[in-house]
Amino acid sequence: MAAASIALHPPRLQGPGKAALPPRIPNRSRVTVSGTRSFATRAGSNPGNVSIPKQWYNLVADLPVKPPPQLHPQTHQPLKPSDLSPLFPDELIRQELTEERFVDIPEEVRDVYELWRPTPLIRAKRLEKLLGTPAKIYYKYEGTSPAGSHKANTAVPQAFYNAAAGVKSVVTETGAGQWGSALSFASTLFGLTCEVWQVRASYDQKPYRRLMMETWGAKVHPSPSEATESGRKLLAADPSSPGSLGMAISEAVEVAATNGDTKYCLGSVLNHVLLHQTVIGEECLEQLAAIGDTPDVVIGCTGGGSNFGGLAFPFMREKLAGRINPVFKAVEPAACPTLTKGVYAYDYGDTAGLTPLMKMHTLGHGFVPDPIHAGGLRYHGMAPLISHVYELGFMEAMSIQQTECFEAALQFARTEGIIPAPEPTHAIAAAIREALECKRTGEEKVILIAMCGHGHFDLAAYDRYLRGDMVDLSHSSEKLKESLAAIPKV
Ligand SMILES: *Cc1c(COP(=O)(O)O)cnc(C)c1O
């Protein structure tokens, strides 16, 4: 392994005529575990000292079949760029619809990324040892961003492009609070005001996420709220509604659509969001190359699909080019099984039907998932690009119950030290299944996990689990049948 990485990065001569000094492997040390195998590893490391990528990657450019267009919610005609103008600045609309392969990351954005990027790629050798697996497990850790997750990777460019277009104010929704805090952070850096509709259940249960947003200067409403037409309608129908992401999106979209100097930001699902997140995979490709490993399995949790796509898409490009051959696995909660139990159809991104129609895996825009702890995975739809790639057979999907996820989270926290957010515990649980299968078969697979955030504000969920109060929730097939029936006929 070390030999491979040296071959990839030949040592530079110290000066003309001088003999090559022994190779210096920056940022890595060799550790021997159990005296049998050696590991190139270092916690918090940036193998190969890679720098922040200069471009994001657009998978659409390399797909043999292009994804179906988004449609206008009323006319059902393919969306024109101008249809999106009330919601987004021109550059983000361009990125949403573009088929170009690479998009330059603006200097101003890379400058902010420098606060926490490149993020660590870590070998989970202590978890491997606990499991007794011959597999190698790596995780790409995005919890080092100021708001604690991968969401900042897109919050920063979205705030930047809005500010550059002269927008004064941005609005958004947030479920678990991760996206709202990332956008609040990014908005304050670029001088934008920010208003967030936070799903009521999360607003009540997670005051610290709300306080983070307020600390960064945002105004936070519980959703449904009295502040919007769609919110008032929802409250009239159910005054004690716990809210949902679909409802909160309706509220924020309404405010943007009816205010000239206000635009809307979305933290997942859309093409430009997945594009921005590819900074994760581009970095990781280089870091793994520096170590001399290639993944056999790439695993990520999927709510709207952005952290999974962000890590997986650059690896998918390499696979399409025939250079590597990993399997891609998306993991979703059993209570909100969008890819595994949803239908592939045109549906709205929100409850009120204000957003464009997107062809995606959906449980129906009226589906309100049970309140599992992984709030970030409680969304009725899946990114159209992920859905398309899944239909093409380029990736697999599975669902896991939350108690298995938290069991995996404790194994991870007690070996690797990091307390994961409830969402990536799904990826960790799937990786542990994979590693245990390797133990049975003796296969030495390389497993790569998208570890998209920390769980410091989710300790109430850990409390539930540790006290033995956490239960598994499955979606009700009645409820699902009902919401699938309400998908628009296109
Ligand atoms: C928002 C969020 C998710 C779910 O969104 P994706 O777009 O599927 O990544 C998962 N994990 C964390 C930590 C989140 O904040």
Report task. In vacuum, with every alpha carbon of the range 145-304 counted as one equal point scatterer, what does the Debye formula give for log10 I(q)/I(0) at q = 0.09, 0.15, 0.17 Å⁻¹? Two decimals, please. Result -> -0.32, -0.79, -0.96
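For a test of the definition: using alpha carbon positions, the gyration tensor, and the 1.5 limit on a/c, classify the chain as rounded, prolate or oblate.
Since a/c reaches 1.5 and a/b is larger than b/c, the shape of the chain is classed as prolate.
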Report task. Please tell me the relative contact order of the range 209-281 in percent, rounded to the nearest whole number, where contacts are Cα pairs under 8 Å and at least six residues apart. Result -> 19
**Report entry** Distance from the range 44-119 to the range 185-221 (C-alpha centre basis), Å
**Finding:** 24
Requested in this report: Quick one: which residues, 5+ away or cross-chain, put their amide H under 5 Å from the amide H of Ser223? H built at 1.01 Å from N.
Outcome: Gln198, Val199, Arg200
Requested in this report: Would you kindly state how much longer the chain becomes between Thr215 and Thr188 on full extension, computed as 0.36 nm times their sequence separation minus their alpha carbon distance, in nm to one decimal?
Outcome: 8.7 nm
Report task. Count the net charge of all other residues whose Cβ sits under 14 Å from the Cβ of Ala335, scoring Lys and Arg as +1 and Asp and Glu as -1. Result -> -2
**Report entry** the range 42-128: trypsin sites (Lys or Arg not before Pro) in DSSP coil with no more than 14 other Cβ atoms inside 10 Å
**Finding:** Lys54, Arg101
Query raised in the report: Hey, what's the chain come to in accessible area per residue, 1.4 Å probe, Å²?
Result: 39
Query raised in the report: Given the C-alpha centroids of the range 292-326 and the range 353-385, what is the distance between them in whole angstrom?
Result: 23
Query - Theoretical FRET efficiency, 1/(1+(r/R0)^6), r = Cβ-Cβ of Gln74 and Ala164, R0 30 Å, to 0.05 - result: 0.50
Query raised in the report: Under a Cβ-Cβ cut-off of 14 Å, what is the net charge of the residues other than Phe367 that fall near it, where Lys and Arg count +1 and Asp and Glu count -1?
Result: -2
Query raised in the report: When the accessible area of the range 126-268 is computed with all protein chains present and a 1.4 Å probe, what percentage of it is carbon and sulfur?
Result: 54
Report summary line: Of the DSSP H helices in the chain, the ones reaching 15 Å or more along their long axis in Cα terms and averaging at least -1.0 in Kyte-Doolittle hydropathy are 152-164, 178-189, 245-257, 271-291, 306-320, 402-416, 425-441
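Given N residues in the range 139-237, what is Rg(Cα) / (2.2 N^0.38 Å)?
1.09
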Report task. Leaving ligands, DNA and RNA out of it, work out the accessible area of Leu285 with a 1.4 Å probe and give it in Å² to the nearest 10. Result -> 40
Query raised in the report: What net charge is computed for the residues neighbouring Val490, neighbours being all others with C-beta under 15 Å from the C-beta of Val490, Lys and Arg scored +1, Asp and Glu -1?
Result: +1
Query raised in the report: For the range 241-256 and the range 412-459, what is the separation of their C-alpha centers, rounded to whole Å?
Result: 32
Query raised in the report: D for the range 364-421, whole µm²/s, Stokes-Einstein with Kirkwood Rh over alpha-carbon pairs at 37 °C and 0.692 mPa s: what number?
Result: 237
Report summary line: So, with points 7 Å from each Cα along the Cβ direction, the Asp90-Asp111 label distance in nm works out to 2.3
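The values are calculated or read from the model by the stated rules, or taken from the named source; none is laboratory data. Here the structure is a predicted model, which means the values were calculated and not measured. Cβ coordinates were reconstructed from backbone atoms using ideal geometry, including for glycine residues, and neighbour counts include every protein chain displayed. We work out accessible area using only protein heavy atoms, side chains counted, and drop any ligands, DNA or RNA first. Shrake-Rupley method; radii C 1.70, N 1.55, O 1.52, S 1.80 Å.
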